Each structure stands twice: as structure tokens, then as C-alpha cells.
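Take a look at the structure below.
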Amino acid sequence: MFNLFNRRDEEERARTENRLPPGQALTTKFPVLHYGPVPTVNLETWTLRIWGEVEKEVTLTWEEFNRLPKTRVRMDLHCVTRWSKLDTEWEGVSVRSMIEQGVFKPLPTARYVMQHAEYGFTVNLPLEVVLADNFLLATHYNGEPLTPDHGYPLRGVVGYIPNRPDLKTPYLWKGAKWLRGLEFMKHDRPGFWEEAGYHNEADIWKEQRFG
Ligand SMILES: Nc1nc2c(c(=O)[nH]1)N[C@H]1C(S)=C(S)[C@@H](COP(=O)(O)O)O[C@H]1N2
Ligand SMILES: [Mo]
């Protein structure tokens, strides 16, 4: 009972702070959602490939990727299945910083990005979202390396940063677990869940759940 009332208080607070989008409820757990099995990963052979509308395609090893400067982002996660989790802490490499470090250079024609994950899973986002402060290529969650269930060793993650109404926030499915590639594209293309009927933009405030 205590927990129930406590959670309702938390929800009230989140709602008055404009941090709970319509149709969402808070959870303190971290549910696991994905299609298919959890891959096993060998970091010796793992690579991250960046290609498409970029000046020069590049493939990074795990060691090379981890030499890049890392940042921490605190975000609220909002899943299309209606759970939300506030104040999650992520650490990883921002795509913007990879460009600043000269790892690769998107062409002016690049407008969308497809995340490619193990087993051919894909998810699409506009370039502006991928370059924003609320999208991270994350290696750590709450100070620990990602667990296999949540995308070890690398995942895209996207969430809401409080008091940043300038940023677009899509639902959590727009971050690919077990990320292995970023494809920069001229034209938008639907990813795995978008093909299956989920909304292309997936804005949490507009409840863009299904297309
Ligand atoms: N590779 C991969 N990434 C994925 C998915 C998937 O099926 N495969 N599902 C997405 C969906 S639908 C959600 S809600 C989030 C869930 O992330 P979590 O399991 O860490 O909560 O992962 C997203 N990333
Ligand atoms: Mo999902």
C-alpha cells in the first residue's frame, strides 16, 4: 500500500513538473523489451561501422570507440508500452562529439540516420535528433556497463531532459540496443518497429504511438 501511494505521489509530482507525458505511468523497475534473442558479443571482433552520406566510411573497433571522450546524460525514459522511468543516468559517446573529434563527417545531404543493430534490427531518426543532447551512444547505465538485456556493449538511447522543451523526444524504442552501425541517409526509411506499424516520429508529448 505504501508503495502504491508513494508511486501516485511521484506521478503527481512528475505531472506537475511536466515530466509525465499523456498516457504514461511511472515505474521504478527497468523493464526489458525487444524482439528476438539477446546476442552474445565478442569485444575482440566487435565493430561500429558508420557509412552512407558521410565523407568517408569508417569502422571502429571496441578499443577505438572507447578512446573517444565520454559524456554523461540524465534523462527520463518513456516507453510506448506506457511506462516511464525518471532520472536515469547514461554514459557514452555523443554522435555530435564524434563529428567534433573528426571521427567522420556527414555530408550536407545527410538528413536521417538509421541505427543498425545485431540480427538486422534497425531504427530510424532525423539527423537533428541523433545530434541532440538527448541522444547518446551509451556504454553505461547508472555507472555500470550495460547488462546484456539492455544492449551490452553499446546502445542508442533517447530520453527527455527536464527543462529542455527545445529538444524533440521520441519514445524509447528509437534507441537500438546492441548497436553495430550508423547509416547516414538522404531520405527517411522506416526501421523495424516503424515497418510494423509504430509511428515514424514517435513524439512522447503528442502520443505518436502508432502510425
Ligand atoms: N536491437 C534492438 N533494440 C531495441 C529493440 C529491439 O527489438 N531490438 N526494441 C526497442 C524497444 S521497442 C524498446 S521499448 C527499447 C527497450 O529498451 P530496454 O529493454 O532497455 O528497456 O529498446 C528498443 N531497442
Ligand atoms: Mo517498445
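Summed over the residues of the chain and divided among them, the accessible surface reaches 52 Å² per residue at a probe radius of 1.4 Å. Taking the protein heavy atoms of the chain in the context of the full set of protein chains, the accessible area attributed to carbon and sulfur is 50 percent at 1.4 Å. Backbone phi angles across segment 50-66, fed through the Karplus curve with coefficients 6.51, -1.76 and 1.60 (θ = phi - 60°), yield HN-Hα couplings of 10, 8, x, 7, 10, 4, 8, 4, 9, 10, 9, 7, 4, 5, 5, 4, 6 Hz in residue order; Gly and Pro are listed as x.
Across the options 147, 45, 26, the greatest Cα extent toward the positive end of the charge dipole of the chain (unit charges at beta carbon of Lys, Arg, Asp, Glu) belongs to 26.
Would you mind classifying segment 106-148 by shape? Square roots of the alpha carbon gyration tensor eigenvalues, ordered a ≥ b ≥ c; an a/c under 1.5 is rounded, otherwise it is prolate if a/b is larger than b/c and oblate if not. Let's see the in-between values first.
Values: a/c = 3.25, a/b = 1.55, b/c = 2.10.
Oblate, because a/c is 1.5 or more while a/b does not exceed b/c.
Counting only alpha carbon atoms, the long axis of helix 2-16 and the longest principal axis of the chain meet at about 70°.
Peptides 146-154, 99-107, ordered by how many other C-beta atoms sit within 10 Å of their residues on average, highest first, read 146-154, 99-107. Charge dipole of segment 53-211 (Cα centre as origin; +1 on each Lys and Arg Cβ, -1 on each Asp and Glu Cβ, all else neutral): 120 debye, rounded to the nearest 20.
The values are calculated or read from the model by the stated rules, or taken from the named source; none is laboratory data. Predicted model only: the values in this text are computed from it and were never measured. Every residue, glycine as well, gets a Cβ built from its backbone with ideal geometry; the counts of neighbours run over all protein chains shown. Note: areas computed on protein heavy atoms with side chains; ligands, DNA, RNA excluded. Shrake-Rupley method; radii C 1.70, N 1.55, O 1.52, S 1.80 Å.
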